[in-house]
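S.K.: Quick one: the structure is below, and I'll ask about it shortly.
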Amino acid sequence: MSYKHKDLLGTRELSRDEILFFLDSAKEFKNLNNQSIKKSDNLRGKTVINAFFENSTRTRISFETAAKRLGADAINFSAAQSSTKKGETLIDTIRNMEAMKTDIFVVRHECSGSAEFIAKNTDASIVNGGDGLNEHPTQALLDLFTIRENKGKFEGLNVAIIGDIEHSRVARSNIWAMHKLGINVRLFAPPMMMPHRVEVFECEVAKTMEEALDGVDVIMMLRIQLERQGGAVAFPSGREYSKFFGLNKNRVKLANPNPLIFHPGPINRGVEINSDVADGEHSFVLNQVENGVAVRMAVLDILNKNRG
Amino acid sequence: MKIFIKNATIVNSDKTIQSNILIDGENIAKITDEILEADEVIDATGKFVVPGLIDMHVHFRDPGYEYKDDINSGSEAAVAGGVTTALPMANTNPVNDNAVITRDMIAKAKARGLIDLLPIGAITKKLGGEGITEMGDMTQAGAVAFSDDGLPVSSSDVMRAALEYSNHFGSFVISHCEDCSMCRTGVMHEGKVSAILGLKGMPREKEEIMVSRDMLLAKLTGGHIHIAHVSSAWSLKMIEMAKKEGINVTCEATPHHFTFTDENLMSYDTNFKMSPPLREVSDKEAVRNALKSGLVDVIATDHAPHLDDEKFVEFDKAPFGIIGLQTLVPLSLKLVEEGVISLERMVELTSTNPARILKLNNKGRIKEGYLADIAIIDPNLEYIYDAKLNKSKSINSPLFGKKLKGAAVMTIKSGKIVWNFPNLLI
Ligand SMILES: [Zn+2]
């Protein structure tokens, strides 16, 4: 098992073995992270730039932590201070930073396909840190890592992905990856947050929250991406959302015993998830965050090795 | 000046014959089996001689965006594609919403002398969607139709007035059908591919809603509506119904909509980003069937130049549109080769019907007394469509750098040779 590519752009192109390779590698880094000196020098002397054209504090900190624990020089770039606001093109911005001998870019951008666009036009390695509505592969890998850690397997598990699926790159990356690992994925969303032609994802589609949760092992709640709706008809109210599409303690009981409850954060408390569930015994939200660092260390380490 | 074309396979929309053509001055003087004296003799053995192509939908970006193309480069690209008459849309800067701009555009094209440029005037002032333009004045100045193209008229009442008023001056309205209240920042067709790619989709219904409105307004007014670049099966169904009901409607299809589908977008190539977007196989088939059945009246390119820098960006940020003048012949010939349409039907779609719709009484046929606007097409010529051939200032075509088959190897405009395929001795 290995991964031989320059970039990690999405899970859609990953094989089952490649996914497992990332997860196995992440396990080693998780062990490292549990020691008091959390440091390796695998990326010593290498430069990793977090090129965030779209704001995200938690993903950026997770990647920054990962790069630094591997001994890389991690540099943060965010669009707020960027020249793209002055009219410079995306590729010019990237090529300028590449000229400073950058080895790896972690790219987050509000446009789908932009990580692939950058990857095709630069020699540096690209990690897609979330592009538009397309993919967020490290989020899917950390979700899978957390599932394997707690359930010990993938094959035959039932996962419900609930919420704003249309605008979720997390959902897309998870669906592509989970199918390859033999996980059954069920989707549930308000109709305007469900992708048109959802059948392309080859998932079960539930009609009610109850149906969605029935007998699942993992409940993946998504955030309402109001900023990505592009002027779409907004949902009537948070109250109505929580009533028909939100997760509360009683609804959790419909799932299999000891379900894992995920949320990619940040949570709209009382809308997608009630606080009793968000902070309850089945919530794995903070485990996701912890595992995110290990997974990102694995990704950076593997791409760096591929650079030779 | 006399030109004699011998051994010609003359293709008109109703029949194909083997004969010779004598051009005298601006006109076709004689179609004959005799060999006649001339200043220049062209042997067209193995070639199709067709009436000069009439492209009812181009963007020459002049005035205002001459870095993308201008009337000169647009004219050159046109004749290199066999097109001798072109209708540029009004979304220039300033907008072609008054007779002064219309006259300027025509004068500039005349000075270059390659094609007849027949401007399409704006429906509304500054394409603002509200007050309609001085259509009478503009018609006198040479505007042949009215359209706000990419900024469709949202107000049904304004569209009604446009249909009534243009009709009064013997003109008509071209509609880019799009209900913009459904835009939602869409960048491609809404379907399976957009779901996979996570790109915002534009449903077919966005187009179909506007087609149905415009059919009803044409029914109300009796005005002539021409539906631009039809891209969906249901749009065609409604146009078919309207035609059966006797509503005054014509429509066009573009080569890209009968050649490509949204599947081509899988690599986020911005050269496949266009409006209306490339749709699904079923829509492409519907367009091809409508070309075959006669439902579609015209093939038009929607030649939409954008500088490569503008397309070399994130997919969401790239402008809509591709160039098309120089790929019109190879893509249309491909329909013939694939048995979708006959060669005569191709001539009907690219020349005879546009001439009829535009009431150009001396164009659209190879006929004695008609204007000598002629394209000589080699259906078997294979070549790379690249910088050496490209006459547009822009290269935003998914076919750029690709191998194509079939081309206009010589174009004659009003009796003058205006294009010769490079390095080809005909
Ligand atoms: Zn248009």
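S.K.: Which residues, counting only those in the range B:110-142, are away from the ligand (no atom under 16 Å from the Cβ) and either within 16 Å of the chain's Cα centre (by Cα) or not assigned by TED's automatic domain parsing to the domain that holds B:ASP302 (or both)?
M.R.: B:ILE115, B:ASP116, B:LEU117, B:LEU118
S.K.: Please go through the range B:268-284 and give me each residue that is under 25 Å from B:GLY81 (Cα atoms) and either assigned to a helix (DSSP H, G or I) or open to solvent by 30 Å² or more (accessible area, probe 1.4 Å) (or both), ordered by number.
M.R.: Result: B:ASP269, B:THR270, B:ASN271, B:PHE272, B:LYS284.
Listed here are the residues, each with its yes/no results for (1) in contact with a strand residue (DSSP E or B) (Cβ under 9 Å, 6 or more places away or on another chain); (2) at positive phi; (3) surrounded by fewer than 16 Cβ atoms within 10 Å (Cβ to Cβ).
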| residue | (1), (2), (3) |
| --- | --- |
| A:SER15 | no, no, yes |
| A:LEU20 | no, no, no |
| A:LEU43 | yes, no, no |
| A:ASN50 | yes, no, no |
| A:ASN55 | yes, no, yes |
| A:ALA66 | yes, no, no |
| A:ASP73 | yes, no, yes |
| A:ALA79 | yes, no, no |
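S.K.: Filter the range A:173-197 for residues that are under 20 Å from the mean Cα position of the chain (by Cα) and within 11 Å of chain B (Cβ to nearest Cβ) and give the result.
M.R.: Keep residues of the range A:173-197 that are under 20 Å from the mean Cα position of the chain (by Cα), which gives A:173-189, A:193-195.
Within the range A:173-197, A:SER173, A:ILE175, A:TRP176, A:MET194, A:PRO195 qualify.
S.K.: In contact (Cβ under 8 Å) with a residue 60 or more places away in the chain, farther than 28 Å from B:GLY294 by Cα, in the same structural domain as B:VAL347 (by TED's automatic domain parsing) and open to solvent by 30 Å² or more (accessible area, probe 1.4 Å): which single residue out of B:ASN91, B:ASN98 fits that description?
M.R.: Details: B:ASN98 fails: in contact (Cβ under 8 Å) with a residue 60 or more places away in the chain.
After ruling out the rest, the residue left standing is B:ASN91.
S.K.: Now, a different point. How many residues does the range B:143-161 hold that are within 16 Å of the ligand (Cβ to nearest atom) and either in contact (Cβ under 8 Å) with a residue 60 or more places away in the chain or not assigned by TED's automatic domain parsing to the domain that holds B:MET105 (or both)?
M.R.: Number satisfying all stated conditions: 5.
S.K.: While we're on this one: Go through (1) away from chain B (no Cβ under 14 Å); (2) closer than 25 Å to A:CYS111 by Cβ and name the single condition A:GLU204 misses.
M.R.: Result: A:GLU204 fails condition (2) only.
S.K.: May I pose another question? Which one is farthest from the ligand (Cβ to nearest atom) among residues in the range B:222-237 that are in a helix (DSSP H, G or I) and crowded, with 24+ Cβ neighbours inside 10 Å?
M.R.: Step one: filter the range B:222-237 for residues in a helix (DSSP H, G or I), giving B:233-237.
Cutting the leftovers down to crowded, with 24+ Cβ neighbours inside 10 Å gives us B:235-236.
Values: B:SER235: 13, B:LEU236: 17 Å.
By that ranking, first place goes to B:LEU236.
S.K.: Could you check the range A:175-194 and list, in sequence order, the residues that are open to solvent by 10 Å² or more (accessible area, probe 1.4 Å) and either part of a helix (DSSP H, G or I) or within 16 Å of A:ASN256 (Cβ to Cβ) (or both)?
M.R.: A:TRP176, A:HIS179, A:LYS180, A:ASN184, A:ARG186, A:PRO191, A:MET192
S.K.: Report, by residue number, each residue of the range A:135-169 that is among the β-branched types (Val, Ile, Thr) and surrounded by fewer than 24 Cβ atoms within 10 Å (Cβ to Cβ). So that I can check it myself, show each step before the final result.
M.R.: Our first condition is that a residue be among the β-branched types (Val, Ile, Thr); within the range A:135-169, this holds for A:138, A:146-147, A:159, A:161-162, A:165.
Of everything in the range A:135-169, just one residue is among the β-branched types (Val, Ile, Thr) and surrounded by fewer than 24 Cβ atoms within 10 Å (Cβ to Cβ), namely A:THR146.
Matching residues to (1) among the small types (Gly, Ala, Ser); (2) touching a residue at least 12 places away in the same chain (Cβ under 8 Å); (3) away from every other protein chain (no Cβ under 14 Å):
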position	(1), (2), (3)
B:CYS180	no, yes, no
B:VAL187	no, yes, no
B:GLY198	yes, no, no
B:GLY201	yes, yes, no
B:GLU207	no, yes, yes
B:MET210	no, yes, yes
B:ALA228	yes, yes, yes
B:SER232	yes, yes, yes
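S.K.: How many residues are surrounded by fewer than 20 Cβ atoms within 10 Å (Cβ to Cβ), in contact (Cβ under 8 Å) with a residue 12 or more places away in the chain and assigned to a loop (DSSP other than H, G, I, E, B) if we restrict to the range B:105-130?
M.R.: Looking only at that region, the number is 3.
S.K.: What residue, of B:GLU240, B:GLU208, B:GLU178, B:GLU252, is under 27 Å from B:SER156 (Cβ atoms), in the same structural domain as B:PHE146 (by TED's automatic domain parsing) and in a loop (DSSP other than H, G, I, E, B)?
M.R.: Just one listed residue meets the conditions, B:GLU178.
S.K.: Oh, and also: Select from the range B:163-188 the residues that are within 15 Å of the ligand (Cβ to nearest atom) and touching a Pro at 6+ places or on another chain (Cβ under 6 Å) and write down the one among them that is nearest to A:LEU133 (Cα to Cα).
M.R.: Ranking the candidates gives B:GLU178 first.
S.K.: Right, another one. Are any residues in the range B:250-267 away from the ligand (no atom under 16 Å from the Cβ), of a type outside the set (D, E, K, R) and surrounded by fewer than 24 Cβ atoms within 10 Å (Cβ to Cβ), and if so, which ones?
M.R.: Residues satisfying the conditions are B:THR259, B:PHE260, B:THR261, B:ASN264, B:MET266, B:SER267.
The values are calculated or read from the model by the stated rules, or taken from the named source; none is laboratory data. Computed from a prediction, not measured in an experiment: that's the story for all the values here. As a convention, Cβ positions derive from the backbone with ideal geometry for all residues, glycine included, and neighbour counts pool all protein chains shown. Calculation scope for accessible area: heavy atoms of the full protein, side chains included, ligands and nucleic acids excluded. Shrake-Rupley method; radii C 1.70, N 1.55, O 1.52, S 1.80 Å.
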